[in-house]
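Comments concern the structure below.
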Amino acid sequence: MNMPENNHCFICGGDGAFHVPEGWSLRESLCSRCGAARRNRDLAKTILELFVGLEATSLADSLDRLKDLSIFEAQAEGPIHLFLKELPGYVCSEYLEDAPLGAIDGRGIRSEDLERLSFADRSFDLAITQDVLEHVRRPYKAFSEIRRVLKPGGYHVFTVPLHEGRQTTRRTVPLGGRDIDILPTVFHGDPLRREGSLVYTDFGDDIIALTESLGFATSIAGVERFYPACSLPWIADDEAHRIYEEFKKRGDLLKILKYNSIVFASRREEAPRKPGLPWTGERFLPWLDESMIHYEHLHRYAFARTFAAGKDVLDVACGEGYGSAMLAETASSVLGLDIDGEAVIHASASYIQDNLAFIEGAMTAAPIREERLFDVIVCFEALEHIDDHEAFMKEAARLLKPEGVLIVSTPNKKVYSDGPSYSNPYHLRELYLEEFKELLSRYFSQAHFFGQAIETASRIWPLVPSDLPERRESLLRVDGAFRLAGEREQRDKYYIAVASNAPEFSAECLAPSILLDLSERIIGRMDRTINSLSEELAEKNRLLKAQAEECGGLKERIAQIEGLMKSIESRRPRSFREFLKEMIGWQP
């Protein structure tokens, strides 16, 4: 099968027809002269447009105009490589698992890992990746590394099999020293690996937002559409995977993995773009002006870090991702799960760590195929946002290891809602303590419950180490005076439960926890706000006093005018005859 239209090859310069082996993806049709796939040709065209000009007809004829560029290509074979390797500033590599970064193996191939490139910052004018990034375990880290080694204004020109009409989806994610499957495993052909390359990510329409959040200005530089979005492969269920496996066994993957040819050009911006999320009124965002809720949210994760140390952790409803990153500081691995795809992109771009990943999914139906994976599951301030608490508990029980720990928090309905007669529009089902206890008791043999609330406090502590427990004294202001309060008068705004089927917990883990703000930033901000408002109030009072004085003067003037008017009124003649008598002494 030949493709009659637009057959010029921007790699070799030939104008022969692109041949399509029977049943192959049109994206993989081959130049009859140099053997380049159509997607290779389209990528070469983009390079020429960016660095040579619209008049350029091929890489082969433009090498002299490319010779001053520093170029990195993340593969050491293929038609583009065969031409660019003659340039003095060209460097190519492959991912060689057993070779040190930057080393050259016996075949003369350089070893590089896109997640940890060995090149210095700002080394290249151009980075090229062709259908590589879908095979990288941590694609956000790879994009970030590519940006790092590009010069400001440099370009990353790349292709990936794009799943148009869908959002980016992780098929497999790293968890500790292994990978876990989110979707059935898929492999693409690899000339260096007999078994092929595992696909970690199916990229979708949000890939531009993804790269822009990392500091690139990204656009689609070239498009050849052969297939409607609805016909592109989507191997997300067992039946689709069965069909894929049949094609794979026959060696016919290019007959099922059919995509359009789309080339992206990402220009490195001078400063990384700060990712952000919109304020919804409910989701906690750590960069908002400091308030008391900072203490509440940060303290829960600080409390959970003791349980997470050295463990595999799932952070359910992770939101912006700050808490997952806190847990990753001590955990072996952390996987953040959130139903909001925009939040997942933001978190993935904001918190790039080797032991941290984020995926999109619902807390009642986590898109994780394997079971008994996690030592710890945390779920903070999310239970009240769903109505089906049982579905979440079943998911937690499915994903926890037999002696794993669930740490979950939720508002105390009595204090959070009933007391102030408040209804949070984002909450679907809040719980009283007994309801919370009963829910957990159906799935776990033991559960320990904690209260949480923000309190104004003064601390007295020994200046030498002491094992003595900290005494707690409480005050209430009643009838204009403080008095000591009893334990029954404590007001727990939130409950935190630590539940497990393990035989026992470490006493250290179950100890009470206090979070101290040594910077006093929030208190300082409140003081500054109070002082500013006091100054504003004083100024308004001064203006009111001046206006009152001005009004007093006006009232006095009005009284004078009213008196004058009364005087005039008393002297006014009663008729025209009286007026004449008064003015000229007229006598009728």
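The values are calculated or read from the model by the stated rules, or taken from the named source; none is laboratory data. What you are looking at is a predicted structure, and each value in this text was computed from that prediction instead of being measured. Note that we place each Cβ from the backbone using ideal geometry, even for glycine, and neighbour counts take in every protein chain shown.
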Would you pick out the residues in region 20-79 that are hydrophobic (A, V, I, L, M, F, W, C) and under 34 Å from the mean Cα position of the chain (by Cα)?
Leu43, Ala44, Ile47, Leu50, Phe51, Ile71, Phe72, Ala74, Ala76
Say we look at region 260-289 and pick out the residues that are out of contact with any strand residue (DSSP E or B) (no Cβ under 6 Å at 6 or more places or on another chain) and more than 30 Å from Ala317 (Cβ to Cβ); which of these is modelled with the lowest pLDDT?
Ala271
Quick check, is Ile235 surrounded by fewer than 16 Cβ atoms within 10 Å (Cβ to Cβ), assigned by TED's automatic domain parsing to the domain that holds Leu26 and at negative phi?
no
Filter region 68-104 down to residues that are closer than 20 Å to Arg41 by Cα and of a type in the set (D, E, K, R) and give me whichever is surrounded by the most Cβ atoms within 10 Å (Cβ to Cβ).
Glu73
For the structure I just gave you, tell me whether Ala265 is surrounded by 18 or more Cβ atoms within 10 Å (Cβ to Cβ), of a type outside the set (Ser, Thr, Tyr) and outside any loop (DSSP other than H, G, I, E, B).
yes
Of all residues in region 105-122, how many are crowded, with 18+ Cβ neighbours inside 10 Å and not charged (D, E, K, R)?
5
Tell me, which residue of region 164-198 that is among the aliphatic types (A, V, I, L, M) and either out of contact with any helix residue (DSSP H, G or I) (no Cβ under 9 Å at 6 or more places or on another chain) or farther than 15 Å from Pro233 by Cα (or both) is modelled with the lowest pLDDT?
Leu192
Those residues that are surrounded by 19 or more Cβ atoms within 10 Å (Cβ to Cβ) and farther than 18 Å from Gly154 by Cβ, I need them from region 29-55; list them, please.
Ser29, Leu30, Cys31, Cys34, Ala36, Ala37, Arg38, Arg39, Asn40, Arg41, Asp42, Lys45
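Per-residue answers, yes or no, for (1) more than 17 Å from Val334 (Cβ to Cβ); (2) charged (D, E, K, R); (3) touching a helix residue (DSSP H, G or I) at 6+ places or on another chain (Cβ under 8 Å):
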position: Gln353; (1), (2), (3): no, no, yes
position: Arg369; (1), (2), (3): yes, yes, no
position: Phe374; (1), (2), (3): no, no, yes
position: Cys379; (1), (2), (3): no, no, yes
position: Ile386; (1), (2), (3): yes, no, yes
position: Ala396; (1), (2), (3): no, no, no
position: Leu399; (1), (2), (3): no, no, no
position: Ile407; (1), (2), (3): no, no, yes
position: Asn412; (1), (2), (3): yes, no, yes
Picked from region 119-143 (must be among the hydroxyl-bearing types (Ser, Thr, Tyr) and modelled with pLDDT of 95 or more), the residue farthest from Leu356 (Cα to Cα) is Ser123
Just checking, which of Asp42, Asp68 is within 24 Å of Ile146 (Cβ to Cβ), modelled with pLDDT of 95 or more and part of a loop (DSSP other than H, G, I, E, B)?
Asp68
Checked pairs for region 403-420, first assigned by TED's automatic domain parsing to the domain that holds Ala499, second among the small types (Gly, Ala, Ser), C-beta under 6 Å and 6 or more apart or across chains, list as Glu403/Ala502; Val405/Ser500; Leu406/Ala396; Leu406/Ala499; Ile407/Ala304; Val408/Ala497
